[in-house]
Amino acid sequence: QVQVVESGGGLVQPGGSLRLSCAASGFGFSNYAMNWYRQSPGKQREFVASITRVGDTNYADSVKGRFTISRDNAKNTVYLQMNSLKPEDAAVYFCRVLTGGYLYWGQGTQVTVSS
């Protein structure tokens, strides 16, 4: 059974940092690209970052230079390091994987950016 479980969200002041984690199970993690998305109230879910199985990364323009995606294949975990957070980064952050022809999403982790 494929599962992806996010953690690490919380309340942070503008300019602060958080690191999100996504623990995966039920599939060959090291063979698949992993993605982070986010959704804030009243908005569509949007792409944040992706990492291929060999470690190539891609970012939304809005987070380039501030966020870093990485993976630890030994731990079946993908991370999102978020620095210089802005109020507009506040959202529920989701981990996503496409495997076996299906898209799997986690339940999300809430990030709040406020002073």
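The values are calculated or read from the model by the stated rules, or taken from the named source; none is laboratory data. Everything numeric here is computed off the predicted structure, so don't read it as measured data. Glycine also receives a Cβ, built like all others from the backbone with ideal geometry; neighbour counts cover every protein chain displayed. Just so you know, the surface numbers come from the protein's heavy atoms only, side chains and all, with ligands and any DNA or RNA stripped out. Shrake-Rupley method; radii C 1.70, N 1.55, O 1.52, S 1.80 Å.
Take the residues in the stretch 83-115 that are among the hydroxyl-bearing types (Ser, Thr, Tyr) and part of a strand (DSSP E or B), then tell me which one is surrounded by the most Cβ atoms within 10 Å (Cβ to Cβ). Can you show your working first?
Narrowing the stretch 83-115 to residues among the hydroxyl-bearing types (Ser, Thr, Tyr): 84, 93, 99, 102, 104, 109, 112, 114-115.
Okay, now just the ones that are also part of a strand (DSSP E or B), so 93, 99, 102, 104, 109, 112.
Numbers: 93: 24, 99: 16, 102: 8, 104: 17, 109: 22, 112: 14.
Only one residue tops the list, namely 93.
Taking the stretch 63-82, which residues are touching a residue at least 12 places away in the same chain (Cβ under 8 Å), within 14 Å of residue 36 (Cα to Cα) and outside any strand (DSSP E or B)?
If the condition is that a residue be touching a residue at least 12 places away in the same chain (Cβ under 8 Å), within 14 Å of residue 36 (Cα to Cα) and outside any strand (DSSP E or B), then 63 is the only one that fits.
Those residues that are in contact (Cβ under 8 Å) with a residue 40 or more places away in the chain and touching a strand residue (DSSP E or B) at 6+ places or on another chain (Cβ under 7 Å), I need them from the stretch 90-106; list them, please. Give the derivation first.
Taking the stretch 90-106 as the starting set, the residues that turn out to be in contact (Cβ under 8 Å) with a residue 40 or more places away in the chain are 90-100, 102, 104-106.
If the condition is that a residue be in contact (Cβ under 8 Å) with a residue 40 or more places away in the chain and touching a strand residue (DSSP E or B) at 6+ places or on another chain (Cβ under 7 Å), then 90, 91, 92, 93, 94, 95, 96, 97, 104, 105, 106 are the ones that fit.
Here are some residues: 53, 38. Which one is part of a strand (DSSP E or B) and basic (Lys, Arg)? Don't jump to the end; show me each part of the working.
Values: 53 fails: part of a strand (DSSP E or B).
None of the other options fit; the residue is 38.
Take residue 64 and decide whether it is charged (D, E, K, R), surrounded by fewer than 12 Cβ atoms within 10 Å (Cβ to Cβ) and over 22 Å from residue 110 (Cβ atoms).
Values: charged (D, E, K, R): yes; surrounded by fewer than 12 Cβ atoms within 10 Å (Cβ to Cβ): yes; over 22 Å from residue 110 (Cβ atoms): yes.
For residue 64, the condition - charged (D, E, K, R), surrounded by fewer than 12 Cβ atoms within 10 Å (Cβ to Cβ) and over 22 Å from residue 110 (Cβ atoms) - is met.
What's the number of the condition residue 5 fails, among (1) part of a strand (DSSP E or B); (2) over 14 Å from residue 97 (Cα atoms); (3) open to solvent by 60 Å² or more (accessible area, probe 1.4 Å)?
Of the numbered conditions (1) part of a strand (DSSP E or B); (2) over 14 Å from residue 97 (Cα atoms); (3) open to solvent by 60 Å² or more (accessible area, probe 1.4 Å), the odd one out for residue 5 is (2).
Residue-wise test of (1) at pLDDT 95 or above; (2) over 10 Å from the mean Cα position of the chain (by Cα); (3) more than 13 Å from residue 20 (Cβ to Cβ).
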position: 41; (1), (2), (3): no, yes, yes
position: 57; (1), (2), (3): yes, yes, yes
position: 70; (1), (2), (3): yes, no, no
position: 94; (1), (2), (3): yes, no, no
position: 108; (1), (2), (3): yes, no, no
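Return a yes/no flag: does the stretch 9-29 have any residue that is open to solvent by 20 Å² or more (accessible area, probe 1.4 Å) and touching a helix residue (DSSP H, G or I) at 6+ places or on another chain (Cβ under 8 Å).
yes
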